[in-house]
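Coordinate-derived values only; no laboratory data. In this text the structure is predicted, and so the values were computed from the model without any measurement. Because the Cβ atoms are built from the backbone with ideal geometry, glycine has one as well, and the counts that use them run over all protein chains shown.
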Amino acid sequence: MKALSVHLTDVCNSKCNFCIVDSPHMSADTIVRARVSRFLRENAGQGYEAVNLHGGEATIRKDFLEILDEIKELGYPTVYLQTNGRKLALMKFAEEVVARNVTLFIVSMHGATAQTQDRISLARGSFDQAVKGIRNIKLLGQKVRTNSVVSKDNYTEMPDIVDLCVTHGADHINISALHTSGTALRNFWDVTPRYDEIQPYVLEAVDRAVARNTTVTLEGFPYCSVPGYERYMIDWETNQFKMLYRTFVLDDYEHYMDAFTRVKDARCRGCAHNAKCGGVYKEYAELVGWDEFQPVVTVPDGEQTCA
Ligand code: SF4
């Protein structure tokens, strides 16, 4: 898929303790509408299949619906919206968004209970609103992909989060490794679990989705941290995202992520996954180290094992 990706706002109506944008510490938005409009105009008619909107929380912009109108007028086939889902709890608002050609809603679900999700988001009611938002979108006939970031607060709940999301109609479950930047970096030791600690829960979560015939993907994990489940890693080679992030344009988002946010170790050179794996988030590698990551070698019969 060839898509545009637009960071629409720095600010948010939640304050997640692992926010990579650092929205909880942003007092004012730096995103200028004219820059967004120029980016959309410059790229119109060039074969982009979708515009992916994210923030902060894109839906809280006062001109959010106007921006959706603009995208539609410029002829982009569809819009994907990354959201915490809170505003979608209002059916009237959900209807307005769906009417403007948003066909995929990527909703954050970080807890299996209100207690967990509201503690992570520091926003009472955020869990109930997100669940209601998902249900509204499904009632309106559109697709929902949930995204759950694995943190110290929720990793034991991952299988239950999957059950919850599938029960409420999610079409696709995405489970993300915690990206240790922004607020997540400020709170590093409070929010960041070890990969070997979360592994059984993440793998069980994948099994639960598969057992319920629901598409599931893993994002941002070093391949060696999900042994036997590498096939669920998002394949970015089939996706090409050109992103507007504040004032700069990233022509290839995944190349940027690999080149600037993740690192590899000497051990990766001999690893069977080296070509596809993006490595480990660099702050994690610096602060926690490499002892839990073991290169994978391919043995003659094609099976893979730790070196
Ligand atoms: S050893 Fe390195 S290349 Fe291999 S899966 Fe782990 S992080 Fe990726």
Practice prompt. List nothing, just return the count: lysine pairs in the chain, 8 or more apart or interchain, with Cα separation under 16 Å.
Written response: 11
Worksheet, complete the sentence: By the C-alpha gyration tensor axes a ≥ b ≥ c (rounded if a/c is under 1.5, else prolate when a/b exceeds b/c, else oblate), the shape of segment 103-239 is oblate
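Show me the three semi-axes of the equivalent ellipsoid for segment 120-192, from the C-alpha gyration tensor (sqrt of 5 times each eigenvalue), largest first, rounded to whole Å. Walk me through the numbers on the way to the answer.
On the way: eigenvalues 124, 35, 25 Å².
Listed largest to smallest, the semi-axes of segment 120-192 are 25, 13, 11 Å.
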Item to complete: Give me the number: length gained by fully extending residue 197 to residue 22, i.e. 0.36 nm times residue separation minus the C-alpha to C-alpha distance, one decimal in nm.
Response: 60.5 nm
Discussion item. For a distance above 18 Å, tell me the whole-number percent of Cα pairs in segment 207-279 that qualify.
Written reply: 49 percent
Worksheet item: For a label point 7 angstrom out from the Cα of residue 73 toward its Cβ, which stretches of segment 7-35 have the backbone nitrogen within less than 14 Å?
Response: 34
Discussion item. From the Cα trace of segment 40-128, what convex hull volume per residue do you get, rounded to a whole Å³?
Written reply: 99 Å³
Item to complete: Kindly state, as a whole number, the per residue volume in cubic angstrom of the convex hull around the alpha carbon atoms of the chain.
Response: 130 Å³
Item to complete: Take every Cα pair under 8 Å in segment 154-282 that's 6+ residues apart, average their separations, divide by the length, and report that relative contact order as a whole percent.
Response: 24 percent
Fill in: Sites residue 30 and residue 292 - FRET efficiency at Förster radius 41 Å, r taken between beta-carbons, to 0.05
0.65
Discussion item. Given the DSSP H assignment, sum -39500 (n - 2.57) over each helix run of at least 4 residues in the chain and divide by its residue total; what's the result at 222 nm in deg cm²/dmol, nearest 500?
Written reply: -9000 deg cm²/dmol
Worksheet item: Roughly what would the spin-label model give for residue 101 and residue 231, points 7 Å off Cα along C-beta, in nm?
Response: 3.7 nm
Item to complete: Determine, for each peptide in 263-269, 18-24, the mean count of other beta carbons within 10 angstrom over its residues, then list the peptides with the highest first.
Response: 18-24, 263-269
